[in-house]
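Chemist: Below you will find the structure I want to go over with you.
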Amino acid sequence: MSNTKNSNSNSSKSVNSKKGILIIVGCAVVFVAVAIVTIFLALNRKKNTFDVGFYQVPENISTFIEKRISQLYTEKLTFSQIEDSELTEKKFGTKYDIIFCPNGSFVESVSKYTKRNSPSLYSNMPRAITDKTQITVPLILDYYEFAYYRPSRASAVSDIPQTMDVFESYLDKSKKAVFTPFFCAGGDDKTLLALVSVFVESYGGSSAYNDFVQLVQKEAKLKSVSKKKFQFAGENSKSFTIIDILDIFRGWKDKEMVHPDWYSANFNDVKAFMEEKQIGVAFMPLSLHRTISYKVIRDFESDRIPIYSAKDNYNNHGLIAPEYVGIKFSNDARCDEIFADLVEENAQTNFSDQTKLAPINSRCAAFDRQSDDARFFAAACKDGPIPPLYNAAFQTNEKALHEFAEQIRLYLRLGVLE
């Protein structure tokens with residue numbers, strides 16, 4: 001009897017043990033199945049969701065682009081403003097399908113992740129504006145201009161200067177008509193570096209400017225790059241340094257051709273002097289030109305920066321111009337469809353109208369004469385739009401940008417290299 005009870009007890013334990021194992025196995029199977037389904041759904045979501053990123057794009061430009069994309073596709077879209085902290089993420093190259101940004105060092109830093117674009121996207125662009133590498137798709141152009149006060153021009157008895165020697169003479173003659181013949185927001189880091197950019201490019205052409213950018217990219221110290229010599233455009237026997245460029249501005253101050261504290265001024269200061277009709281020539285981007293009231297700006301005539309001398313020509317040059325571009329990171333067909341939509345004629349006309357900047361489509365209407373001129377200037381230069389130094393060398397490093405600008409201000413103020 002005892003043996004029978006033991007036998008039944010052992011049999012019951014064996015059955016319970018098997019049930020426990022089956023339950024554990026069943027739970028494991030369910031867990032694995034759930035995990036597989038979750039991963040599949042996540043991958044499928046990523047595959048179908050189209051992720052758009054904006055990096056350092058002004059709101060009026062990003063709003064237009066976002067609206068155009070949303071008209072093409074009604075669902076499964078995400079739009080994100082990219083923060084600098086994201087740039088160091090290991091998976092950044094697979095995070096977005098498409099990114100819109102100013103052309104510059106950011107594009108260089110992510111180019112290894114990008115996909116090339118179809119040559120057909122560039123068919124309606126001036127040759128100088130197209131990207132020969134087919135990595136970026138140009139979309140809209142800003143540019144840096146000299147805005148000439150018309151009554152000051154009459155006082156100087158001069159047409160708009162086309163060379164730098166004539167420009168300096170123009171400023172000197174303007175002294176009797178205005179308080180400050182030349183003025184810009186030199187207290188703004190980007191404006192200051194843009195001014196340096198246009199003068200290096202004017203004196204040495206795009207070749208010297210590109211060499212200067214590469215030098216600063218390697219070592220962003222004014223003292224370190226101060227002795228490097230660049231050839232004058234069109235005059236291979238002559239050379240200049242970045243210090244020679246800065247000494248031009250120091251000389252203008254001594255000759256009372258620029259506001260004595262111009263390297264500390266902000267754009268509100270510039271606007272105030274324009275309103276008081278006390279500026280001969282103002283330096284600014286077209287985008288800021290647009291923020292000045294018509295009552296004031298109508299008295300100013302905009303033009304590109306003069307080249308160095310009459311021996312030079314625009315075949316040696318580009319145009320210092322913030323250029324907003326698109327770059328793609330996936331082979332999703334929507335990338336090509338979006339780019340094709342943004343560069344077609346009607347879209348470009350609307351883009352120019354809403355941003356008041358220069359279109360890149362050679363056939364479309366521009367917002368006005370200034371935006372049309374910017375497109376013409378970019379197309380007429382052999383090397384087309386070129387990023388200003390702040391985008392070309394410091395786009396992803398605002399701290400280094402500020403430090404380099406401060407080194408320039410120190411030299412302008414005291415003649416000291418640090």
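We did not get these values from a lab; they are worked out from the coordinates using the rules stated. If you're wondering where the values come from, they're calculated on a predicted model, not measured in any experiment. Reconstructed Cβ throughout: ideal geometry from the backbone, glycine too, with neighbour counts over all protein chains shown.
Chemist: Choose one of Ala185, Val225, Gly205: the residue whose Cα lies farthest towards the positive end of the charge dipole of the range 163-260 (beta-carbon charges +1 Lys, Arg; -1 Asp, Glu; about the Cα centre).
Modeler: It is Val225.
Chemist: Determine the alpha carbon to alpha carbon distance for each of Lys190/Lys295; Lys67/Lys95; Lys95/Lys190; Lys271/Lys356; Lys95/Lys399 and list only those over 23 Å.
Modeler: Values: Lys190/Lys295 27 Å; Lys67/Lys95 21 Å; Lys95/Lys190 29 Å; Lys271/Lys356 19 Å; Lys95/Lys399 26 Å.
From Lys190/Lys295; Lys67/Lys95; Lys95/Lys190; Lys271/Lys356; Lys95/Lys399, over 23 Å: Lys190/Lys295; Lys95/Lys190; Lys95/Lys399.
Chemist: Report the gain in length on full extension from Ala380 to Leu215: 0.36 nm times residue separation, minus Cα-Cα distance, nm rounded to one decimal.
Modeler: So the extension gain works out to 56.7 nm.
Chemist: At 7 Å along the Cα-to-beta-carbon direction for both Asn236 and Lys223, put a label point, then send me their distance in nm to one decimal.
Modeler: Result: 3.6 nm between the two label points.
Chemist: How big is the shadow of the Cα convex hull of the chain, averaged over all directions, in nm²? If you can, show how the numbers build up before the last one.
Modeler: Working: hull surface 116.1 nm².
Average of the hull's projected areas for the chain equals 29.0 nm².
Chemist: Give the lysines reachable from Lys253 as a straight Cα distance under 16 Å; neighbours fewer than 8 places away on the same chain don't count.
Modeler: Lys173, Lys175, Lys176
Chemist: Just order 175-181, 284-290 by mean Cβ neighbour count inside 10 Å, highest at the front, would you?
Modeler: 284-290, 175-181
Chemist: For the chain, what is the charge dipole size about the Cα centre, in debye to the nearest 20, if Lys and Arg each add +1 at the Cβ and Asp and Glu each add -1 at the Cβ?
Modeler: 1800 debye
Chemist: Treating cross-link reach as a plain straight distance, find the aspartates and glutamates whose alpha-carbon is under 14 Å from the alpha-carbon of Lys76, omitting any fewer than eight places away in the same chain.
Modeler: Asp51, Glu66, Asp97, Asp332
Chemist: Provide the packing ranking of 75-81, 216-222, 103-109, i.e. peptides ordered by the mean count of other C-beta atoms within 10 Å per residue, highest first.
Modeler: 103-109, 216-222, 75-81
Chemist: Starting from the Cα of Thr133, step 7 Å toward the Cβ, then list every residue of the range 326-340 with an amide N under 19 Å from that point.
Modeler: Label zone hits: 326-331.
Chemist: To the nearest 0.05, how large is the calculated FRET efficiency for Thr88 and Asp159 if R₀ is 60 Å and r is the Cβ-Cβ distance?
Modeler: E between Thr88 and Asp159, to the nearest 0.05, is 0.70.
Chemist: Using only Cα atoms, figure out Rg for the range 242-371 and give it as a multiple of 2.2 N^0.38 Å.
Modeler: Normalised Cα radius of gyration, the range 242-371: 1.38.
Chemist: Follow-up question, since we're still on this one. Could I have the simple spin-label model distance between Glu66 and Tyr113, label points 7 Å from Cα toward Cβ, reported in nm to one decimal?
Modeler: In this crude label model, Glu66 to Tyr113 measures out at 2.1 nm.
Chemist: Mind jotting down the distance between the C-alpha centroids of the range 244-321 and the range 200-243, whole Å?
Modeler: So the separation of the two Cα centres works out to 21 Å.
Chemist: Going down the table (Lys91/Lys228; Lys132/Lys221; Lys238/Lys382), which pairs top 28 Å between alpha carbons? The partial results should precede the final answer.
Modeler: Values: Lys91/Lys228 39 Å; Lys132/Lys221 31 Å; Lys238/Lys382 22 Å.
Too far apart for the 28 Å limit: Lys91/Lys228; Lys132/Lys221.
Chemist: For the range 58-111 and the range 351-418, what is the separation of their Cα centres, given in Å?
Modeler: Cα centroid to Cα centroid, the span is 20 Å.
Chemist: Which of the peptides 225-233, 376-384 is most tightly packed, and how do the rest follow, judged by the mean count of other Cβ atoms within 10 Å per residue?
Modeler: Numbers: 225-233: 17.2, 376-384: 20.6.
Packing proxy ranking, top to bottom: 376-384, 225-233.
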